[in-house]
Amino acid sequence: MPELPEVEVTRRGIDAPLRGARVLSARLGKPLRWPLGVLPGELVGTTVGPVLRRGKYLWLPLVAHGADRLDGGLLLHLGMSGSLALLAAPPLPGAHDHFDLVTSSGTLRLNDPRRFGAVVWSPAMTAAPAAKLLQRLGPEPFDPTLTTQRFHAALQQRRTPIKTALLGGELVVGAGNIYACEALFQAGIHPGLRCDRISRPRAARLLAAVRETLSRALDLGGSTLRDFTDVHGASGAFQAEAAVYDRAGLACGRCRSAVRRMVQAQRSTYFCVVCQKR
DNA sequence: AGTTAAACCTGGTTGC
DNA sequence: TGCAACCAGGTTTAAC
């Protein structure tokens, strides 16, 4: 599910309510992608700090009080099917509720049917294990230092298809399968085009398209294909205005010709052969 | 070194 | 209706 807009929607939903909350208990369900790294009980007594996002990861600081407490935080990832809910009166955990953080301001609950998500303890965002997971991430899409020049220079160093590179997150983080397809459509670029064949003007157009696509999705509360909801249980609305994603055989949003589906790097790519050029 | 497959899981949909 | 095959918002790890 969750690409940058969904993760950011989630962050905004939990940041203010949880800030300053005291951790009362924690519970683990079935194993997620990686082990938590501490016993749930060791989190008790810490205070939640400002929630940050880096790429599709969330960082939840847990500040210690007293030397006998752990100081650090939790690095969370929603994987393909994860979502977080903030519950005032949580029902008994269901089959896919795999992590609860019970606080004085409500219970933060991770639901993740496929369990590709993760909750990992780390002493700091800049220390292992969090730093190891974050180290390979490219620049944030709204980072002002990510200029056309820098983006184009990074493109020139890669020979992979642009769609694959966008998914990889080394050029820029945040665009997953939906938004990579949509941004390439918006920029009029064929998903199979090699990165190093993209001219500087087209690179500028693509970077702008990535930014516009992600911010539009953010405004609409993200996309909900199946699992994703915000922390209040609300679905996103972006999927309804996708021009190409999941529209194989349907009319292109611009020229009305049939949208094509192909597979790149084991993922479906949707595109318009008329509107998107090599 | 740079790219591409395999792996991790569950569940919904499609097709025989 | 039953069952197999395929598909799904991701990303690390292993293998060409």
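Data table
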quantity	calculated
Selected residue [at pLDDT 95 or above, within 13 Å of DNA strand C (Cβ to nearest atom) and touching a helix residue (DSSP H, G or I) at 6+ places or on another chain (Cβ under 7 Å)] from A:ALA183, A:ALA203	A:ALA183
Some residue of region A:107-117 being within 16 Å of DNA strand B (Cβ to nearest atom), of a type in the set (Asp, Glu) and touching a Ser or Thr at 6+ places or on another chain (Cβ under 6 Å)	yes
Residue list for region A:1-14, restricted to those being within 13 Å of DNA strand C (Cβ to nearest atom), farther than 19 Å from A:VAL120 by Cβ and not in a loop (DSSP other than H, G, I, E, B)	A:LEU4, A:PRO5, A:GLU6, A:GLU8, A:VAL9
Residue pairs meeting the criteria (Cβ under 6 Å; at least 6 apart or on separate chains; first closer than 20 Å to A:VAL244 by Cβ, in region A:157-181; second among the charged types (D, E, K, R) and surrounded by fewer than 19 Cβ atoms within 10 Å (Cβ to Cβ))	A:ALA165/A:ARG158; A:ASN177/A:ARG267
Among the candidates A:VAL23, A:VAL44, residue that is more than 17 Å from the chain's Cα centre (by Cα) and either within 13 Å of DNA strand C (Cβ to nearest atom) or surrounded by fewer than 18 Cβ atoms within 10 Å (Cβ to Cβ) (or both)	A:VAL44
Residue within region A:189-198 that is under 29 Å from A:ALA258 (Cβ atoms) and free of Cβ contacts under 8 Å to residues at least 40 places away in the same chain present	yes
Test: A:ASP100 is under 23 Å from the mean Cα position of the chain (by Cα), of a type in the set (Asp, Glu) and either surrounded by fewer than 21 Cβ atoms within 10 Å (Cβ to Cβ) or in a loop (DSSP other than H, G, I, E, B) (or both)	yes
Tally of residues being crowded, with 17+ Cβ neighbours inside 10 Å, among the hydrophobic types (A, V, I, L, M, F, W, C) and part of a loop (DSSP other than H, G, I, E, B) across region A:226-249	5
Odd one out for A:ALA187 among (1) surrounded by 20 or more Cβ atoms within 10 Å (Cβ to Cβ); (2) within 16 Å of DNA strand B (Cβ to nearest atom)	(2)
Which listed residue, of A:ALA131, A:ALA124, is farther than 18 Å from A:THR10 by Cα and touching a helix residue (DSSP H, G or I) at 6+ places or on another chain (Cβ under 8 Å)	A:ALA124
Count of region A:103-155 residues which are within 17 Å of the chain's Cα centre (by Cα), farther than 30 Å from A:GLY192 by Cα and buried (at least 19 other Cβ atoms within 10 Å of the Cβ)	7
Flag for A:ALA208 being within 9 Å of DNA strand C (Cβ to nearest atom), closer than 22 Å to A:ALA243 by Cβ and at pLDDT 95 or above	no
Filter result (more than 13 Å from DNA strand B (Cβ to nearest atom) and either surrounded by fewer than 19 Cβ atoms within 10 Å (Cβ to Cβ) or among the aromatic types (Phe, Trp, Tyr) (or both)) within region A:161-180	A:TYR179
The one condition in (1) within 9 Å of DNA strand C (Cβ to nearest atom); (2) at pLDDT below 95; (3) not hydrophobic (A, V, I, L, M, F, W, C) that A:ARG256 fails to fulfil	(1)
Residue among A:PHE142, A:PHE99, A:PHE116 that alone is aromatic (Phe, Trp, Tyr), outside the structural domain of A:ALA204 (by TED's automatic domain parsing), within 16 Å of DNA strand C (Cβ to nearest atom) and on the phi < 0 side of the Ramachandran plot	A:PHE116
Candidate set: region A:76-106, residues that are more than 14 Å from DNA strand B (Cβ to nearest atom), free of Cβ contacts under 8 Å to residues at least 60 places away in the same chain and of a type outside the set (A, V, I, L, M); chosen: the one farthest from A:GLU170 (Cα to Cα)	A:PRO91
Qualifying position, being at pLDDT 95 or above and either crowded, with 19+ Cβ neighbours inside 10 Å or of a type in the set (S, T, N, Q) (or both), among A:LEU75, A:LEU87	A:LEU75
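The values are calculated or read from the model by the stated rules, or taken from the named source; none is laboratory data. Nothing here was measured: the structure is a model prediction, and the numbers come from that model. When we count neighbours, we look across all protein chains shown, and the Cβ atoms used for this are built from the backbone with ideal geometry, even at glycine.
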